[in-house]
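The block underneath contains the structure these notes are about, expressed in structure tokens.
Every number in this text was worked out from the coordinates using simple rules, so none of it is lab data. On a predicted model such as this, the values are computed, not experimentally measured, just so you know. Cβ placement follows ideal geometry from the backbone for every residue including glycine, while neighbour counts extend to all protein chains displayed.
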Amino acid sequence: MTVMTVDEVVGELRDGMTVGVGGWGSRRKPMALVRAVCRARLRDLTVVSYGGPDVGLLIAAGCLRRLVTGFVSLDSIALEPHFCRARQEGRIELTEYDEGMLYWGLLAAANRLPFLPIRAGLGSDVMRVNPQIKTIRSPYADKSDLVAMPALTLDAALVHLNRADAHGNGRYLGPDPYFDDLFCLAARRRYLSCERLVGTAELMDSGPPQGLLLNRMMVDGVVETPNGAHFTSCAPDYDRDEAFQREYAAAAASPDGWERFRSAYLDGDERSYQKAVAAR
């Protein structure tokens, strides 16, 4: 396990990879790492995500070829604008699952299984739009038909937590772990960004044992990125920046608006981004 910078993390990623992005919608996304991927201009990525602005930024930067998701939302703004336009224009491929199926696919990959059976998806259009998904009949007395959800194996996972130590142990302090642990367990390479690097003793003492979501065996690199989930929330450290999110969504409505937004916030490095955000 290595303490890294955001650029060193992205230096280990390659075009065409399948990358999982943790968090949920516009909550606790590893946005500093996502912005670094955009700056590096990686291409043809398959992204697995409970999608939010991570998906939107990667689309806007031309990094994303295929998306595997259960939804793409900004939470307080229902639909992610870059995602909507890309789908309307046919610029990205989409594999859309039920949210539970996505979870089950990560769980299968985390347990090194080719698939796991699940009832979610049966009788819905999920099966129609994903004809590659097979069903399986229970070998037990019930003989019920189940969806055989394939494993979602990742080349790399990017996640963000509130605190971590230099060994790669990580803690969330908010109300929800989301599925960041499964993203890491499903991936060959795992990168954790955090609000603050602390000593192991402080990490252990800063909350209950169940808040220690990641351990050093699940992480290959850790990065300290204060405000690194911005503009998504990272409770309890900070809430979602609703004013900035509205600015982001409004800018996405036109090429000129997006060019101004990109120039103001995204053309520089992460330090420049944080400085521009603070100066608003």
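Taking a ≥ b ≥ c as the square roots of the eigenvalues of the Cα gyration tensor of the range 185-240, is the shape rounded (a/c under 1.5), prolate (a/b larger than b/c) or oblate?
Working: a/c = 1.71, a/b = 1.14, b/c = 1.50.
Since a/c reaches 1.5 but b/c is at least a/b, the shape of the range 185-240 is classed as oblate.
Can you put ASP256, ASP155 in order of Cβ neighbours within 10 angstrom, beginning with the fewest? Don't skip to the end; give the middle numbers.
Details: ASP256 9, ASP155 16.
Fewest-to-most Cβ neighbours within 10 Å comes out as ASP256, ASP155.
Highest GNM mean-square fluctuation, the chain, Cα pairs closer than 10 Å: which of PHE179, PHE261, PHE231?
Of PHE179, PHE261, PHE231, the Gaussian network model singles out PHE261 as fluctuating most.
Size of the dipole of the chain about the Cα centre, Lys and Arg at +1 and Asp and Glu at -1 on the beta carbon, nothing else charged, in debye to 20?
With Lys and Arg at +1 and Asp and Glu at -1, about 560 debye.
Report Rg/Rh for the chain, rounded to two decimals, where Rg is the Cα radius of gyration and Rh the Kirkwood radius.
Values: Rg = 18.7 Å, Rh = 19.2 Å.
When Rh is taken as the Kirkwood radius, the ratio is 0.98.
How much length would be gained if the chain were fully extended between ASP256 and ARG112, taking 0.36 nm per residue of separation minus their Cα-Cα distance, in nm to one decimal?
Gain on stretching ASP256 to ARG112: 47.2 nm.
Which FRET efficiency value, to the nearest 0.05, is calculated for GLU242 and ILE136 with the Förster distance at 30 angstrom and r the Cβ-Cβ distance?
Working: r = 44 Å, r/R0 = 1.48.
Step by step, r from the Cβ atoms, then E = 0.10.
Quick one: what are the phi-derived ³J(HN,Hα) couplings along the range 24-29, Karplus 6.51/-1.76/1.60 with θ = phi - 60°, whole Hz, x for glycine and proline?
8, x, 10, 9, 6, 8
How large is ³J(HN,Hα) for each residue in the range 255-264, as worked out from phi by the Karplus curve 6.51 cos²θ - 1.76 cosθ + 1.60 (θ = phi - 60°), to whole Hz, x for Gly and Pro?
Here the 3J(HN,Hα) series is x, 5, x, 5, 4, 5, 5, 4, 5, 6 Hz.
What size of dipole, in debye to the nearest 20, comes out for the range 99-199 about its Cα centre when the only charges are +1 on Lys and Arg C-beta atoms and -1 on Asp and Glu C-beta atoms?
Dipole about the Cα centre, nearest 20: 280 debye.
Mind putting a number on the dipole of the range 150-276 about its Cα centre? Charges go on the C-beta only, +1 for Lys and Arg and -1 for Asp and Glu, and I need it in Debye to the nearest 20. Show your work: numbers first, answer last.
Numbers: 13 positive and 20 negative charges, 48 e Å.
The dipole magnitude comes to about 240 debye.
When the chain is fully extended, how far beyond the present Cα-Cα distance does GLN88 get from VAL129, taking 0.36 nm per residue of separation?
Contour length minus Cα-Cα distance gives 13.1 nm.
Cross-link candidates for LYS134: which lysines have Cα within less than 18 Å, leaving aside residues fewer than 8 places away along the same chain?
Straight-distance partners of LYS134: LYS143.
If each of ALA201 and SER76 carries a label point 7 Å out from its Cα toward its Cβ, how far apart are those two points in nm?
Here the answer is 4.0 nm between the modelled labels.
Classify the range 155-202: rounded, prolate or oblate, from the alpha-carbon gyration tensor (a ≥ b ≥ c, eigenvalue square roots; a/c under 1.5 rounded; otherwise prolate if a/b is larger than b/c)? Can you show the working numbers first?
Values: a/c = 2.38, a/b = 1.42, b/c = 1.68.
Judged from the Cα gyration tensor, the range 155-202 comes out oblate (a/c at least 1.5, b/c at or above a/b).
With unit charges on the beta carbon (Lys/Arg positive, Asp/Glu negative), name the residue among ILE59, GLY70, LEU42 whose Cα is farthest towards the positive pole of the charge dipole of the range 11-121.
The residue sitting farthest along the positive end of the dipole is LEU42.
Two-decimal Rg/Rh of the range 171-280 from alpha-carbon positions, Kirkwood Rh?
1.03
How would you classify the range 9-109 from its alpha-carbon gyration tensor, with a ≥ b ≥ c the square roots of the eigenvalues: rounded for a/c under 1.5, else prolate if a/b is greater than b/c, otherwise oblate?
rounded
What ranking do CYS184, CYS38, CYS234 get, fewest neighbouring Cβ atoms within 10 angstrom at the top?
CYS38, CYS234, CYS184
Please give the calculated 222 nm ellipticity per residue for the chain, where each DSSP H segment of at least 4 residues contributes -39500 (n - 2.57) and the sum is spread over every residue; nearest 500 deg cm²/dmol?
On the way: 11 runs with 87 residues, N = 280.
The helix contribution divided over the chain gives -8500 deg cm²/dmol.
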